[in-house]
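These notes concern the structure reproduced below.
Quick note: the coordinates plus some simple rules give every number you see, no bench work behind them. Bear in mind that the values here come from a model prediction, so they are computed numbers and not experimental data. Please note: Cβ atoms are built from the backbone with ideal geometry, for glycine as well, and neighbour counts cover all protein chains shown.
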Amino acid sequence: MQESSSVKYRIKFSKNGAIKYIGHLDVMRYFQKVIRRSGLPVKYSEGYSPHQLLSFAFPLSVGYTSDGEYFDMALTDKVNEDEIKARLNDHMDQGILIEKVKELPEKAGNCMSLVFAASYKIRVKEKISLGDDFKEKTLDFLSQETIPVNKPKKKGGGFVSIDLKEYLYDYKFIDDRTLYICVNAGSETNIKPSFVMETILGSQGMDIPENPFMIHRVDIYENVSEDAIELRPLI
Amino acid sequence: MNNNLALSDDILMTVEKPARYIGNEVNAVYKDKNKVDIRFVMCFPDVYEIGMSHLGIQILYDMFNKFEDTWCERVYSPWTDLDAIMRKDKLPLFALESQDPIKNFDFLGITLQYEMCYTNILQILDLSGIPLLSKDRTWDDPVVFGGGPCSYNPEPVADFFDIFYIGEGETRYREFLDMYKEARKEGISRQEFLIRSAKIPGMYVPSMFEISYNEDGTVSSIDTKYPDIPPKIRKELVTDLDNTYYPTAPVVPYLKSFSDRINLEIQRGCIRGCRFCQAGVLYRPVREKSVDHLFKTAIESLNNTGYDEITLSSLSSSDYSHLDELIEKLMVYCGENMVNISLPSLRIDAFSLDIMSKIQDIKKSSLTFAPEAGSQRMRDIINKNLTVQNILNGCEQAFIGGWNKVKLYFMLGLPFETDEDIEAIAELANEIAALYYETIPKEKRMGRVQIVVSTSFFVPKPFTPFQWAPQDDKEAFIEKAYKTRKAITSVLNQKSIKYNWHETDTSVLEGVFARGDRRLSKVILKAYEKGCLYDAWSETYKHDLWVESFKECGIPMEFYTTRQRSDDEIFPWDMIDCGVTKEFLLREWKKAKEGVPSPNCKEKCNGCGATSFGVGICRNHLQ
Ligand code: SF4
């Protein structure tokens, strides 16, 4: 049998409002249905229970909002990028919006393998009282040459010692309680935004209650430089 | 869409699966609350994923929201984690769509699908801040409605409800809501309103009835308290299923529910007349939908939801007259559109095997038979029209077709059961295994045949011929399960057979409530106060607390379960008329005793009484 043809697209979407409480797997299932409702000629796998050929870039934790989520989708026919965007958006009214659609070259790597860094806005909830010098102390802390920390291991408990500074690419205050950061998002070296803020609060001797932050992902980046770090959004 | 959530971010981030509480699902209905007259909230008193799998609520949700003056929303039981937080922080229970407190609604409708949800009803009322007892409510509280199969004997929960709707919901709500609007305009009392409600067909208002008891605890009489209250409430039913409400844009949950697909109801009712089966009586007579209507509904629903699977639902799909035509049409459409079809409750024969081989992976799927009893004698008693030969023929064809997994469902504790009947379960499983090894030569076998035998304990239900039958006690149940296991381990092919059996404690309690009376309301209330909740879940079921509650109320469970009932006993549910007469049920009970089966509604009319509705299959027998 001949491989049937397909055209790949990368989709960028935002996720805001109540739908932030929907987990990654459920968002994937949500999109499968959106795509079916939109009638786009999505490509399916072969076999008894064919599934749509979709691949998501980087799971977003439950409770986070985002303006920069991505997935790749294969269609059996070429469809205009704006039309894809409009048709998907026509079938969604739940707080997810398609921001951008881009056709990919045939040989393009999938979005998951490209993920290198992600940026976030972290807001410290009002239930934590911050001193007048919070901003200043935080900037001092982050501007050190090195920031040695013990990061919880991904699996099996325990910690690894790393230099946070090496994985922190950018930071700035948005307002008194909200810090913008851009950190590594590699599969092994991923830095959780909550970990960064916990480290900052910890360095100032503060107690951290349950659910201390509101976190918003701004974007996800690939590294387009071979020997340095040069970040560019996935599309 | 509504981003104004009732629960704080802190709470939503603490509880398991916050998606249960935020609404906003695809096809959820949002209206402007200032532009509607009636706020209705439908409740399935169990956790979200279970409630969202239920078709009945989706039908009524669709119907109510088609009424321009009504906004119908949904609520499900908060799981135990949120329950604890809401009690601690004194947060009121809210509806998913508007996130408004339930207390502010005009109506709270609770569907009663199984007896083990009764304490969850109290949880809903309690967390909403609605008085638990109907008699304590005022116009400041919603009118609390009950419906669903358990409302045919609603007596154990009678004190908690203002009104029960008896029968299929599609028919009387419009008239009822108009009456409600009128009543509120006139400014009549809640009591006066309930009296008016009781006069609308299908509405059972328990507070309008006085129950008296004999010294032995049985009911001596059922009387109405006011003049003009109809003494019998007759079931409501839809006469033309092609021309009524049916959702073509059901709400699609984000969370994986237990039914993650389109549910296409192809008919209502069942021709079979199994004597243990309550649904088979309650939904009489059988009414089929037309192929055109079903096909159209299927396509619209798939388009509106994006589901990639559709299931045909009915009590016995094989009895649907146009099944082959419907499936053929669906298979073409679904094949082109990457939709899976699933067909539960199909009889296993050449036709169904052929279809199954086309729509599913044989290696992964298993054949399901529900002989319900092991011996022919017992199957004649329960009127299950399925012979060993039927089963073996089906299996043989299936084995040749490549299947090698068989699931068998039985009941233990059926009336007049003997040890031989129990042993026959093992023999039947053994025979099926032997048949596999005879039919399939060694070199073609994919390992052993896998037979799974499951037994559940029989619970007699109201409105069945077995409503007179004594139920086994817990010890008898356990002994029978052990006997089954022993019999299975002593047959030749025991290595190919796996045996499962279900809980006993909950079967006893289910039996108490199934044929219970009003006096049980106080036991349920007590058990709830002691902390019983989610009794349908084995992990949260607290049997000791139930036993304590019965004891403290001075009510013996055995009165409701193991007691022998006389032919002329007045049952607590005798004010409800489901269309099938008590005389017919008694006739069937006597035939069961003699081991005589009855023909099904297609073969011959047994004169069950449902012909008085003048619809469905009964019309085929009118001269
Ligand atoms: S009246 Fe006859 S045909 Fe109709 S449901 Fe009863 S037994 Fe069946």
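Under a point-charge model restricted to the Cβ atoms of Lys and Arg (+1) and Asp and Glu (-1), what is the dipole moment magnitude of the protein assembly as shown relative to its Cα centre, in debye to the nearest 20?
1040 debye
Using only helices, what value at 222 nm comes out for chain B when you add -39,500 (n - 2.57) per DSSP H run of length 4 or more and divide by the total residues, to the nearest 500 deg cm²/dmol?
Details: 19 runs with 212 residues, N = 623.
Result for chain B: -10500 deg cm²/dmol, rounded to the nearest 500.
Within 10 Å of each Cβ of A:12-23, how many other protein chain Cβ atoms are there on average?
Per residue, the average neighbour count from other chains is 5.
Under a Cβ-Cβ cut-off of 14 Å, what is the net charge of the residues other than residue B:350 that fall near it, where Lys and Arg count +1 and Asp and Glu count -1?
On the way: positive: B:347, B:358; negative: B:324, B:349, B:354, B:396.
Around residue B:350, the charge tally is -2.
Amide H to amide H under 5 Å from residue B:26: which residues, 5+ apart in sequence or cross-chain, H placed 1.01 Å off N in plane?
B:252
Neighbour counts of other C-beta atoms within 10 Å: give me B:72, A:182, A:111 arranged from fewest to most.
Arranged by neighbour count, lowest to highest, B:72, A:182, A:111 become A:182, A:111, B:72.
Give me the dipole magnitude in Debye, nearest 20, for region B:90-223 about the Cα centre, with unit charges on the beta carbon: positive for Lys and Arg, negative for Asp and Glu.
That gives region B:90-223 a dipole magnitude of about 440 debye.
What residues have an amide H closer than 5 Å to that of residue B:452, excluding those fewer than 5 places away on the same chain, when H is modeled at 1.01 Å from N in the peptide plane?
Sorted by chain and number, the residues that satisfy this are B:406, B:407, B:408, B:498.
Less than 9 Å Cβ to Cβ from residue B:468, Lys/Arg counted +1 and Asp/Glu -1: what total charge do the surrounding residues give?
Its environment carries a net charge of -1.
Using Cα centres only, tell me the gap between region B:465-493 and region A:101-180 in whole Å.
Each part's Cα centre sits 62 Å from the other's.
Given a Förster radius of 51 Å and the C-beta distance between residue B:1 and residue A:106 as r, what FRET efficiency does 1/(1 + (r/R0)^6) yield to the nearest 0.05? Walk me through the numbers on the way to the answer.
Numbers: r = 38 Å, r/R0 = 0.75.
Computed FRET efficiency for residue B:1 and residue A:106 comes out at 0.85.
If one takes the longest principal axis of the Cα atoms in chain B, at what angle in degrees, from 0 to 90 and to the nearest 10, does the Cα axis of helix B:323-336 lie?
So the helix axis and the longest Cα principal axis differ by about 80 degrees.
Just to be sure I understand the model, the point goes 7 Å from the Cα along the line to the Cβ. What's the resulting residue B:184 to residue A:5 distance in nm?
Here the answer is 6.1 nm between the modelled labels.
Might you report the magnitude of the Cβ-based charge dipole of chain B about its Cα centre, with Lys and Arg at +1 and Asp and Glu at -1, to the nearest 20 debye?
840 debye
Nearest 0.05, what FRET efficiency do residue B:427 and residue B:55 give at R0 = 30 Å with Cβ-Cβ as r?
So, using R0 = 30 Å, E works out to roughly 0.20.
Please list the three semi-axes, largest first and in whole Å, of the ellipsoid equivalent to chain B, using sqrt of 5 times the eigenvalues of its alpha carbon gyration tensor. Let's see the in-between values first.
Values: eigenvalues 304, 181, 130 Å².
Output for chain B: semi-axes of 39, 30, 26 Å.
Points 7 angstrom from Cα along the Cβ direction at residue B:135 and residue B:564: gap in nanometres?
If labels sit at residue B:135 and residue B:564, their model points lie 3.7 nm apart.
Name the residues whose placed amide hydrogens come within less than 5 Å of the amide hydrogen of residue B:114, ignoring near sequence neighbours (fewer than 5 apart) on the same chain.
The list, which skips near neighbours in sequence, is empty: none.
Just name one of B:157, B:245, B:446: the one whose Cα is farthest towards the positive end of the charge dipole of the protein assembly as shown (beta-carbon charges, Lys/Arg +1, Asp/Glu -1).
The one lying farthest along the dipole's positive direction is B:446.
Once Lys and Arg get +1 and Asp and Glu get -1 on their Cβ, which of B:30, B:457, B:509 lies farthest toward the positive end of the dipole of chain B?
The Cα lying farthest towards the positive end belongs to B:457.
Helix B:80-89 sits at what angle to the longest principal axis of chain B, using alpha carbons and giving 0 to 90 degrees rounded to 10?
10 degrees
List the residues of region B:120-138 whose backbone N lies under 20 Å from a point placed 7 Å from the Cα of residue B:87 along the Cα-to-Cβ direction.
Answer for region B:120-138: B:120-133.
Can you find, among A:97, A:49, A:65, the residue farthest towards the positive end of the dipole of region A:7-111? Put +1 on the C-beta of Lys and Arg, -1 on that of Asp and Glu.
Comparing the listed Cα positions along the dipole, A:49 ranks first.
Of all DSSP beta bridges located in the protein assembly as shown, what percent are antiparallel, nearest 5?
55 percent
Against the longest alpha carbon principal axis of chain B, how many degrees, from 0 to 90 and to the nearest 10, is the axis of helix B:505-514 turned?
Tilt relative to chain B: about 60 degrees.
Within a 10 angstrom radius of the beta carbon, how do B:14, B:305, B:387, B:138 rank from fewest other beta carbons to most?
B:138, B:387, B:14, B:305
What is the local net charge at residue B:369, summed over the other residues whose Cβ is closer than 11 Å to its Cβ (Lys, Arg +1; Asp, Glu -1)?
Charge balance near residue B:369 sits at +2.
Select from region B:390-419 those chymotrypsin sites (Phe, Trp or Tyr not before Pro) which occupy a DSSP coil region and have at most 16 other Cβ atoms within 10 Å, ordered by residue number.
For chymotrypsin sites (Phe, Trp or Tyr not before Pro) across region B:390-419 that sit outside H, G, I, E and B with at most 16 neighbouring Cβ atoms in 10 Å, the list reads B:416.
Please rank B:522, B:442, B:289, A:153, fewest neighbouring Cβ atoms within 10 Å first, as an exposure proxy.
Ascending Cβ contact count within 10 Å gives the list B:442, A:153, B:522, B:289.
Could you tell me, in Å, what Rg and Dmax come out for the Cα atoms of the protein assembly as shown?
30.5, 98
At 15 Å minimum axial length over the Cα atoms and a Kyte-Doolittle cut of 0.0, report the qualifying DSSP H helices in chain A, or say none.
Answer set is A:193-203.
Over all distinct Cα pairs, what is the inverse of the mean 1/r for region B:9-234, reported as the Kirkwood hydrodynamic radius in Å?
With all distinct Cα pairs of region B:9-234 included, I get 18.3 Å.
Give A:154/B:498; B:407/B:483; A:12/A:192; A:107/A:155; B:407/B:480; A:100/A:153 a once-over and call out the pairs whose C-alpha atoms are over 28 Å from each other.
The pairs that break the limit, which is 28 Å between Cα atoms, are A:154/B:498; A:107/A:155; A:100/A:153.
Using a Förster distance of 25 angstrom, determine the FRET efficiency expected from the C-beta separation of residue A:137 and residue A:226, and round it to 0.05.
0.10
Could you pull out the GluC sites (Glu not before Pro) across region A:122-187 that fall in loop regions by DSSP (anything but H, G, I, E, B) with no more than 14 other Cβ atoms inside 10 Å?
A:126, A:145
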